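*Asks:* Below you'll find the structure I mean.
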Amino acid sequence: MGRLTRSIPDWIKCTIPSGPQYKKVKQHVNACGLHTVCIEARCPNVGECFTKGHATFLIMGNVCTRNCKYCAVAKGVPLPVDDDEPQKIARAINNLKLSYVVVTSVTRDDLSDGGAVYFAKTVDAVRTLNDSTMVEVLIPDFKHSQQLSLKTIMAAKPDVINHNIEVAQSCYTTLRPSGNYRASLKLLAIVTEYGFTAKSGLMIGFGETLDDIVQTLRDVRSTGCEIMTIGQYCSSHKGAYPVQKYYTPDEFSRIEAIAYTIGFSKVMAAPLVRSSYRAGEMFSRATIAHNTMEA
């Protein structure tokens, strides 16, 4: 995987965020002292999602303890966790009238449980003020306490437990030096073993082959995971790992079709797809597909 510079193709186009609803969500989140992965990770869909009144809340601060080569989130030593954050998020969701929310975090290897208790507290707080809101958690691998941390999160009963495999196995050593491919698969397997809906996400464009992608999809599906997102990696900041390949929309369509043949209930694959993109829609369709297969 050499270091290349490639021109961004015409099919990757992002709408400049604007409009009253976008401003409302952004201003409200900022006023509450909260963070969203939409802003921190420079998601290309922030305009569309905020305009629809959707947001993915980033808990436990905005500084990550890991150093993945592709991520735009700040790295370093995080500040202490705000104990009032779960209630702040719950109130924000209530004020914004959100029916489906995603709660994620930076990776906090500095905490003994990786921050699992704060995920659980946030789910509980959201449910207390918003009993009809569905909650998806997008969690790290909890490499120091996986079993205990998952037990804590599952006790809060989120509707979906999402953990991104992130990149193909062949790319882990270069791009995710602190990550562990097999540990991520184990996490997903535990989630499905306990009857929760599992979801994962994959970014491509780092130099992986189609065979690498297919094998990764097979590995993820073997855990029982039913929902999969696949999107194009785009360098989000100066110094980020350079894009090795821009996949065409037709190539994404082919990969999506392959994922369905592997057995996923719901797949969304396209250049600008990200893990939390249209998350509520992904969950509802996967649930319908699952129920249909069981009938």
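*Asks:* Scan segment 135-170 for residues that are assigned to a loop (DSSP other than H, G, I, E, B), within 14 Å of ALA198 (Cα to Cα) and under 16 Å from the mean Cα position of the chain (by Cα) and jot them down.
*Replies:* ILE139, PRO140, ASP141, PRO158, ASP159, HIS163, ASN164, ILE165
*Asks:* Okay, next question. Identify all residues within segment 159-208 that are under 19 Å from VAL135 (Cβ atoms) and of a type in the set (Gly, Ala, Ser); write none if there are none.
*Replies:* GLY195, ALA198, SER200, GLY201
*Asks:* Here are some residues: GLY115, GLY205. Which one is within 26 Å of LEU34 (Cα to Cα) and either in the same structural domain as THR65 (by TED's automatic domain parsing) or in contact with a strand residue (DSSP E or B) (Cβ under 7 Å, 6 or more places away or on another chain) (or both)?
*Replies:* GLY115
*Asks:* Let me ask something else. Going by what's in this entry, would SER132 be described as over 16 Å from the mean Cα position of the chain (by Cα), in the same structural domain as ALA55 (by TED's automatic domain parsing), free of Cβ contacts under 8 Å to residues at least 40 places away in the same chain and not in a loop (DSSP other than H, G, I, E, B)?
*Replies:* Answer is no for this residue.
*Asks:* Can you tell which of TYR100, TYR70 is more than 30 Å from GLY207 (Cα to Cα) and either surrounded by fewer than 17 Cβ atoms within 10 Å (Cβ to Cβ) or among the hydroxyl-bearing types (Ser, Thr, Tyr) (or both)?
*Replies:* TYR100
The values are calculated or read from the model by the stated rules, or taken from the named source; none is laboratory data. Model, not experiment: these values are computed from the prediction. All Cβ positions, even for glycine, are placed from backbone atoms using ideal geometry, and neighbour counts span all protein chains on display.
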